[in-house]
Each structure stands twice: as C-alpha cells, then as structure tokens.
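> Okay, here's the structure, questions in a sec.
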Amino acid sequence: MKNTWNEEVFKNIKNDVDARVYSSRLLGKDKSLVLHGGGNTSVKAIEKNLFGEDEEILYVKGSGWDLETIEVEGYAPVKLEHLKRLVELPSLPDPEMVNELVTHMKRASAPTPSVEAILHAIIPYKYVDHTHADAVVTITNTPNGEEKIHQLYGEQVIVVPYVMPGFDLARVCAEQLRDNLTENTTGMVLLNHGIFSFGNSAKQSYDRMIELVQKAEDYLQQQSAWELEVKSVPVSNNLGMEIAGLRKQLSEIAGHPMVVSRFADSETMSFVSRADLGVIANQGPATPDHVIRTKRLPMVGRDLDSYVSEYQNYFTENEPLAKERKTILDSAPRVILDPELGMCTAGRSIKDANIVADIYKHTIRTIQRAELLGGYRALPAKDIFDVEYWDLEQAKLSKAGSSPIFSGEVALVTGAASGIGKACVDSLLARGAAVVGLDINPEIETIYKRADYLGVVCDVTSEDGLRDALEQTANTFGGLDMLVLNAGMFPGGCNVADLKMDDWRKVMTVNLDASFALMSIAHPYLCLAPNGGRVVVIGSKNVPAPGPGAAAYSASKAALNQLARVAALEWGEDNIRINSVHPNAVFDTGIWTEEVLASRAKHYGLTVDEYKTNNILKIEVTSHDVAELVSEMCGPLFAKTTASQVPVDGGNDRVI
Ligand code: ZN
C-alpha cells in the first residue's frame with residue numbers, strides 16, 4: 001500500500017473541491033482500493049446562495065464517474081441540511097431517496113449523486129473517502145471476520161454489520177456513529193462491503209485510508225495470508241473453436257451476441273487448476289459492488305445447462321414473485337473458470353468483458369488469501385440477490401439505452417493497414433464491433449490503441465498464418481461473425497501476350513487462393529456466429545467490365561466472385577450470407593500518390609479532379625464510401641440478401 005500524496009503538486013490547489021478531486025484520483029489509481037467506478041468520496045463546503053446566505057453543500061461523487069479520472073463536474077452538489085434531515089425518517093424507499101437527492105442539488109446539470117450520499121452527509125468530517133479495499137474485504141469475508149476487524153483496529157474504526165447500500169445502510173451508520181464515534185475514530189469498516197475514512201482535510205482523510213488499509217495488509221502478511229503461491233501450469237492452445245462454441249451458447253442465453261475474452265496468465269491458470277476450485281469459486285462475490293458486473297457466481301467448467309438452471313433456481317428461491325418481476329436478468333455467466341481454458345469473461349462489449357476480468361482477478365486473490373486466513377465466506381445468496389435485483393441497479397440497466405448495431409460481434413478484415421481495408425476497420429468499430437485487422441505490414445499492430453481492436457501481422461498466403469490469426473481472434477474476442485476479404489494486389493499493366501507465368505501466379509495466389517483459404521478456415525467459426533455469419537468480398541469493377549492490360553487482376557477478381565457465389569449457395573444452410581462490392585477508381589489509397597494521379601489524369605487528357613470524378617454521377621468515390629457499404633452489408637439492411645454484387649463506382653457506363 002503506497003501513500004502517493006505529493007505535497008509539491010497539492011500546494012498549488014486552491015479550493016476544497018479541487019482538493020477533493022486530487023486525492024480521489026490518488027485512490028482511484030490504486031486498483032487494490034477501487035475498481036471501475038467503485039468507491040466514492042465527498043467534501044462538505046460552505047457557499048453563498050443567491051440571497052447572500054451561507055449554505056452547506058455536500059459535493060459527492062456522481063454516478064457514472066470513475067475516481068481515477070474524476071473531474072470537478074463529476075461531483076454532485078447536494079444541500080447538506082436536507083440530507084441530514086432525510087436520515088431522521090423511519091424509512092425511505094431507495095427510488096424516492098434518489099429523487100430527494102436529485103431534486104436538492106445546486107446544479108441541475110450535475111450527475112446523479114451516489115446512493116451513499118446520505119451516509120457521507122452524516123459523517124461529521126469535512127472529507128470522507130470510501131473504498132472497497134481488497135485487504136479489508138478479504139478479512140471480513142472469513143469466519144469471525146468481525147472479531148478479526150475489532151482486534152486489528154480497536155477503537156480506531158466503527159464496525160458496521162452488512163446492510164445493503166442505500167437508505168437503510170445510512171440509518172444504521174447514523175446509529176453507530178452516534179453511539180461509537182470517539183476522537184480516536186478515523187474510519188468505519190462495513191462488513192462484506194468496504195471501508196470509510198474521514199478527516200478535516202483531504203490529506204488527513206487520504207492518509208487515514210492508506211494507514212487503515214496498510215494495517216489490513218500487514219495483518220494478512222503476519223497471518224501468512226498475503227503471498228500467494230503460483231503453480232506453473234501448462235497452457236493448452238488451439239482451443240479457438242471451443243471458445244467460439246461457448247460464446248454461441250452464452251449469447252443465446254443472454255439474448256444478444258457477446259464477446260468473450262480468454263485469460264491464461266500464470267496466476268489465473270494456477271487458480272483454476274486448484275482441486276477445490278468448485279468449492280471456493282462457488283461462494284459469491286467479494287463485495288456486492290461487483291455483482292452487477294460479474295453475476296453472483298462464475299461458471300466452473302463448461303456445463304452451461306446446469307449453470308443456467310442453478311441461476312434460475314436462485315432467482316425463484318429468492319424472489320417468490322419471480323413471475324411478476326418485470327426485469328429478469330439473463331442467466332448467462334460473465335466469468336467462466338475452467339482448468340483447460342483458464343478464465344473467460346463475457347460482455348456486450350470488450351470493455352465490459354475486460355472490466356469483468358479486472359474485477360475477477362482481484363476476486364481470485366481475495367478468495368485465495370481468505371482461504372489462507374481460515375476460509376472464504378461470501379454473503380448469503382439472499383443478500384447478493386437483493387443487490388443484483390435492486391431497483392436502482394435495474395433502473396441503471398434500463399437507462400443504458402440502445403447499443404450500436406454490432407455490439408458483442410467480431411469482425412476480421414484483411415489488408416487492413418491502409419486504404420479500403422483500414423476504412424472498413426473504422427466503419428465496423430464505429431458500429432460497435434470488435435475488429436481484428438490482418439496485414440503483412442507490421443504497422444497493423446499499432447494503428448489503433450484500443451481494447452476492441454487487435455492487429456495481427458499476417459501473410460494471407462500462409463495457411464498456418466491464417467489459422468493462427470483465427471485462433472488469436474477467438475482467444476481475444478471469442479469468435480468470428482463478419483469476414484471482410486479485402487487483401488489483394490494490383491500489379492502494373494501487362495498485356496496477355498507478355499504476361500509471365502510467375503506474375504500471373506503471384507496475383508492468383510494473393511487475390512484468389514488466399515481468400516479461398518481464409519474462407520475455408522473461417523467457415524466453422526462463422527457457423528457459430530450468434531446472429532449468423534457474414535462475408536463481404538471486395539471485388540472490382542473489373543469483374544463485370546475488365547480492362548486491357550489487367551488480365552491477371554481481372555481474372556483473379558472474377559474467379560473470387562464466382563467462388564463467393566458458390567459459397568453463398570452452399571453456406572445458406574449455415575446461416576452465412578456472402579455479398580460483394582465492386583468499387584472502382586478509389587483514389588485515397590496508398591498506391592495512388594499525387595504523382596501517379598497526375599500522370600494518369602494527363603494520360604486521359606483530364607484534370608486530376610475530372611479524372612477522380614470520371615463517372616456517371618460525376619462524384620468521387622472514397623475508401624470510406626466503400627467501407628460504409630461493406631458495413632451495411634453486414635447489418636440488418638442486408639439481412640435477407642446473399643450473393644448480391646453491388647457496384648460502388650459513381651455509375652459506370654460499361655457496367656450499366
Ligand atoms: Zn461501497
């Protein structure tokens with residue numbers, strides 16, 4: 001546990017809320033304290049209202065903000081007096097409580113205040129910090145966890161038994177503070193949940209948080225429950241189809257496609273190879289804060305049917321009025337633990353799947369340390385259920401809104417480092433797909449730095465290279481839904497009589513053979529696409545209207561076109577559709593430099609602009625235009641179309 005306070009930076013900070021932002025970010029950066037939007041902080045400030053009167057305002061973290069990156073706008077200013085009065089009420093349903101918070105803010109455009117706002121309000125200190133520190137939660141999630149906390153901290157912290165976050169928790173804390181707060185109290189431990197610290201300055205509250213959590217870490221170390229043994233376990237490869245099969249089933253249960261990421265690092269493999277995995281992983285999350293992301297339990301092994309039926313039992317047991325409940329979450333697991341696969345996490349986007357993975361990696365440590373401390377004990381299922389199906393969480397889920405059309409889906413584009421291929425990557429990413437770009441150019445690996453993109457250096461004429469790329473696709477994103485066959489070459493002009501066999505073969509190998517190989521390697525994956533597989537072939541105007549001097553190119557594209565038509569006939573029963581675009585004169589690609597353009601235009605006696613728009617509509621066709629059509633062909637607009645060939649050329653009189 002590192003105290004990262006920097007007085008040099010802090011001394012330039014002028015006001016209370018800026019100080020609040022500074023130390024909140026320090027907490028947010030330490031992943032052993034808070035993860036992905038978890039935890040919250042506040043500061044109480046006195047400000048003048050419109051009438052010139054002093055008014056106490058609680059600036060509390062707004063929902064949707066992450067402590068690591070929070071800004072001043074991320075704090076919701078709520079009138080403190082009102083919050084203090086609310087806690088006097090005997091009861092207040094949570095949705096009404098949220099309504100009170102939102103209607104008593106000083107700034108209408110502020111985010112919704114944290115549901116723990118009232119709790120922050122009643123703590124009689126200026127600064128309040130709240131985290132779900134791994135070390136503290138580890139201790140509380142063991143037999144006699146409460147006793148251990150008392151022994152460890154004594155008078156220093158108030159210990160609050162588990163109560164679900166919201167109004168009831170605020171009331172219980174108010175009682176505890178009234179009865180037990182002394183001048184030696186620096187924090188409050190919420191059993192099975194997390195820890196609060198407080199102080200009169202941002203630094204005091206932060207220092208106290210670090211000190212309290214450090215004590216918990218020291219304790220675990222003294223009890224030999226800190227260092228974890230990592231056994232070396234061999235990792236199996238070539239499980240791509242297994243993962244893709246699992247993803248299809250998961251997506252069916254969830255009711256929409258989901259991406260799946262595999263993690264087989266040594267720490268994870270060591271955990272999943274434990275003989276007692278089925279017991280220790282079947283206890284529940286480390287803190288209720290995680291349950292919405294990770295679900296109540298991971299799936300241990302690959303028996304999805306029994307996981308789903310157990311999840312449904314859990315639902316009906318804890319919710320007698322199950323049928324009347326309008327929102328029943330899908331029963332698909334988000335974490336899969338398997339001795340061979342390692343850990344797989346699922347989500348509607350790769351961002352979600354990675355958040356689940358981050359959380360569960362911390363859970364893996366918490367579980368194992370708690371085991372060393374006497375045994376991991378999570379909350380009873382009923383308490384977890386109440387959080388999972390909490391009105392406020394449900395409201396958040398329904399507010400999430402509609403997702404982009406390719407959410408949870410995976411596309412692979414060949415020749416993706418430049419031109420039409422790169423434009424296709426852009427268009428598919430913009431529609432929410434996770435995208436794998438293949439190219440022989442090593443820049444493919446770094447042209448995008450985002451979690452939903454994977455660049456793979458690959459010579460498409462190598463079958464092993466293609467197989468490996470598909471394997472990587474399945475390991476990273478879970479499978480394949482859309483394939484864009486774009487890689488190709490356009491050799492210099494040469495008449496048939498002069499064309500060398502080697503040159504002919506080279507064009508055929510890249511433009512035709514490689515596409516055939518990839519189609520056949522990708523086929524079993526496309527069969528497992530939750531919404532059906534889609535292939536888009538980048539053809540050419542030369543298919544319907546070849547030109548002199550381009551024999552090898554035109555013949556290769558025509559053969560590819562015929563291959564696509566035959567595949568469309570054969571793959572319809574696999575719910576895979578194949579469509580082609582025939583672009584022409586797309587000049588914003590690597591091969592068309594300014595000089596080449598100028599010389600070609602001159603050759604035809606045209607200006608560069610005239611040359612670029614030399615078509616029926618007198619309009620320039622860009623890579624982006626082609627890519628947008630390619631993406632639409634993968635979407636609902638073309639759901640009932642296969643084997644179509646659509647020109648994207650501004651109109652060409654030879655094609656028409
Ligand atoms: Zn919390």
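The values are calculated or read from the model by the stated rules, or taken from the named source; none is laboratory data. Everything numeric in this text was worked out from a predicted model, so none of it was measured. Backbone-built Cβ (ideal geometry, glycine too); neighbour counts: all protein chains shown. Accessible surface areas use protein heavy atoms only, side chains included; no ligands, DNA or RNA. Shrake-Rupley method; radii C 1.70, N 1.55, O 1.52, S 1.80 Å.
> How large are Rg and Dmax for the stretch 7-222 when calculated on the C-alpha trace, in angstrom?
16.6, 58
> Could you point to the residue in T607, F385, N184 farthest towards the positive end of the chain's charge dipole, with +1 and -1 charges on the Cβ of Lys/Arg and Asp/Glu respectively?
Comparing the listed Cα positions along the dipole, T607 ranks first.
> May I ask what percent, to the nearest 5, of DSSP beta bridges between residues of the chain are antiparallel? Walk me through the numbers on the way to the answer.
Details: 36 of 71 bridges.
The answer is about 50 percent antiparallel.
> Which length gain, in nm to one decimal place, applies between T69 and E445 when the Cα-Cα distance is subtracted from 0.36 nm times their residue separation? Could you put the intermediate results ahead of the total?
On the way: separation 376, 0.36 × 376 = 135.36 nm, distance 2.71 nm.
So the chain would gain 132.6 nm between T69 and E445.
> Same structure again: In nm, to one decimal, how far is the modelled label at E155 from the one at D18, with both set 7 Å along Cα→Cβ?
The answer from the label model is 3.8 nm.
> Next up: Would you give the gap between the C-alpha center of the stretch 1-33 and the C-alpha center of the stretch 109-158, rounded to a whole Å?
The two parts, judged by their Cα centres, are 19 Å apart.
> In bins 10 Å wide, starting from 0, what share of all Cα pairs of the chain does each bin hold, as a percent?
Result returned by the calculation: 3, 14, 21, 20, 16, 12, 9, 4, 1, 0.
> Between M241 and V279, what is the label-point separation in nm under the 7 Å Cα-to-beta-carbon projection?
Those two pseudo-labels are separated by 3.7 nm.
> Something else: For N144 and E175, what does the FRET efficiency come to when R0 = 30 Å and r is the distance between their Cβ atoms, rounded to the nearest 0.05? Can you show the working numbers first?
Values: r = 23 Å, r/R0 = 0.78.
Here the calculated transfer efficiency is 0.80.
> Between F516 and S232, what is 0.36 nm times their sequence separation minus the Cα-Cα distance? Round to one decimal in nm.
Values: separation 284, 0.36 × 284 = 102.24 nm, distance 4.01 nm.
Computed gain between F516 and S232 is 98.2 nm.
> Let me ask you something else. If you average the alpha carbon positions of the stretch 521-573 and of the stretch 459-494, how far apart do those two centres end up, in angstrom?
Answer, in whole Å: 14.
> Continuing with the same structure: Against the globular-protein guess of 2.2 N^0.38 Å, express the Cα radius of gyration of the stretch 571-656 as a ratio, rounded to two decimals. Please list the in-between numbers first.
Values: Rg = 15.9 Å, N = 86, 2.2 N^0.38 = 12.0 Å.
Compared with the compact-globule rule of thumb, the stretch 571-656 sits at 1.33.
> I've got another one for you. Which value, to two decimals, describes the C-alpha radius of gyration of the stretch 161-223 once divided by 2.2 N^0.38 Å?
On the way: Rg = 13.0 Å, N = 63, 2.2 N^0.38 = 10.6 Å.
Cα-based Rg divided by the globular estimate yields 1.22.
> Could you give the spread of the C-alpha atoms of the stretch 410-648 along their three principal axes, from largest to smallest, in whole angstroms?
Projected onto its principal axes, the Cα set of the stretch 410-648 covers 52, 36, 36 Å.
> For K612, go through the aspartates and glutamates and keep the ones whose alpha-carbon is under 20 Å away, minus same-chain ones fewer than eight residues off.
Counting by Cα, and skipping residues close in sequence, K612 has these aspartates and glutamates nearby: D588, E594, E595, E620, D625, E628, D649, D653.
> Hey, another quick one. Given a Förster radius of 41 Å and the C-beta distance between D653 and D574 as r, what FRET efficiency does 1/(1 + (r/R0)^6) yield to the nearest 0.05? Spell out each step's value before the answer.
Numbers: r = 38 Å, r/R0 = 0.93.
For D653 and D574, the calculated efficiency is 0.60.
> Identify the GluC sites (Glu not before Pro) of the stretch 216-281 meeting these criteria: DSSP loop state and at most 14 other C-beta atoms within 10 Å of the C-beta.
Details: sites: E217, E227, E229, E242, E252, E267; in loops: E227, E229.
Passing sites in the stretch 216-281 are E227, E229.
> Further, regarding this structure: In the chain, which whole DSSP H runs stretch at least 18 Å along their own axis (Cα) and average 1.0 or higher on the Kyte-Doolittle scale? Kindly include the intermediate steps, with their values, before the conclusion.
On the way: long enough: 16-29 (20 Å, -0.39); 167-180 (20 Å, -0.41); 202-222 (30 Å, -1.04); 240-254 (21 Å, 0.11); 304-318 (21 Å, -1.09); 350-372 (33 Å, -0.19); 463-477 (21 Å, -0.89); 514-527 (20 Å, 1.21); 551-571 (29 Å, 0.35).
Taking the DSSP H segments of the chain (at least 18 Å long, mean hydropathy at least 1.0), we get 514-527.
> In whole Å, what are the extents of the stretch 240-399 along the principal axes defined by its C-alpha atoms, from largest to smallest?
Here the spans come out as 44, 39, 27 Å, largest first.
> Mind checking which lysines have their Cα closer than 25 Å to the Cα of K500? Skip sequence neighbours fewer than 8 apart in that chain.
Counting by Cα, and skipping residues close in sequence, K500 has these lysines nearby: K541, K557.
> Would you tally the net charge around L250, using a Cβ to Cβ cut-off of less than 11 Å, leaving L250 out, and scoring K and R as +1, D and E as -1?
Values: positive: R247, K248, R302, R334; negative: E252, D330.
Residues close to L250 contribute a combined charge of +2.
> Moving to a separate point now. Trypsin sites (Lys or Arg not before Pro), restricted to the stretch 35-117: which are DSSP loop and have at most 12 other Cβ atoms within 10 Å?
Details: sites: K44, K48, K61, K79, K84, R85, K106, R107; in loops: K106, R107.
Hits after loop and neighbour filter: R107.
> Moving to a separate point now. What is the mean projected area of the alpha carbon convex hull for the stretch 82-124, to one decimal in square nanometres?
Over all viewing directions, the stretch 82-124 projects a mean Cα-hull area of 3.1 nm².
> Take the alpha-carbon centre of the stretch 231-310, take the same for the stretch 176-230, and report the distance between them in whole Å.
32 Å
> Hey, if we sort T142, T613 by accessible area with the 1.4 Å probe, largest down, what's the order?
Numbers: T142 10, T613 35 Å².
Descending accessible area places them as T613, T142.
> Using the heavy atoms of the protein chains alone and a 1.4 angstrom probe, what is the accessible area of the chain per residue in square angstrom? Present the calculation step by step, with values, prior to reporting the outcome.
On the way: 28610 Å² over 656 residues.
Counting only protein heavy atoms, the per-residue value for the chain is 44 Å².
> Kirkwood Rh, Cα Rg: Rg to Rh for the stretch 18-135? Could you put the intermediate results ahead of the total?
Working: Rg = 14.0 Å, Rh = 14.5 Å.
Here Rg/Rh amounts to 0.97.
> Per DSSP helix of 4 or more residues, -39500 (n - 2.57); summed, then divided by the residues of the chain. What does that give at 222 nm, rounded to the nearest 500? Spell out each step's value before the answer.
Numbers: 25 runs with 274 residues, N = 656.
After summing the helix terms and dividing by residue count, I get -12500 deg cm²/dmol.
> Can you bin the stretch 477-550 into rounded, prolate or oblate? Criterion: square roots of the alpha carbon gyration tensor eigenvalues sorted a ≥ b ≥ c, rounded for a/c under 1.5, prolate for a/b above b/c, oblate for the rest. Don't skip to the end; give the middle numbers.
Values: a/c = 4.03, a/b = 2.40, b/c = 1.68.
Judged from the Cα gyration tensor, the stretch 477-550 comes out prolate (a/c at least 1.5, a/b above b/c).
> Another question, then. Quickly work out the F10-to-L50 label distance, labels modelled 7 Å from Cα along the C-beta direction, and quote it in nm with one decimal.
Result: 3.8 nm between the two label points.
> Still on this structure, please answer the following. Only Lys, Arg, Asp and Glu count, each charged at its Cβ (+1, +1, -1, -1), so figure out the dipole size of the chain about its Cα centre, rounded to 20 debye.
Working: 63 positive and 88 negative charges, 182 e Å.
Roughly 880 debye, rounded to the nearest 20.
> If the viscosity is 1.306 mPa s and the temperature 10 °C, what translational diffusion coefficient in µm²/s does Stokes-Einstein give for the stretch 413-521 when Rh comes from Kirkwood over Cα pairs?
On the way: Rh = 14.6 Å.
Taking Rh from Cα pairs, D becomes 109 µm²/s.
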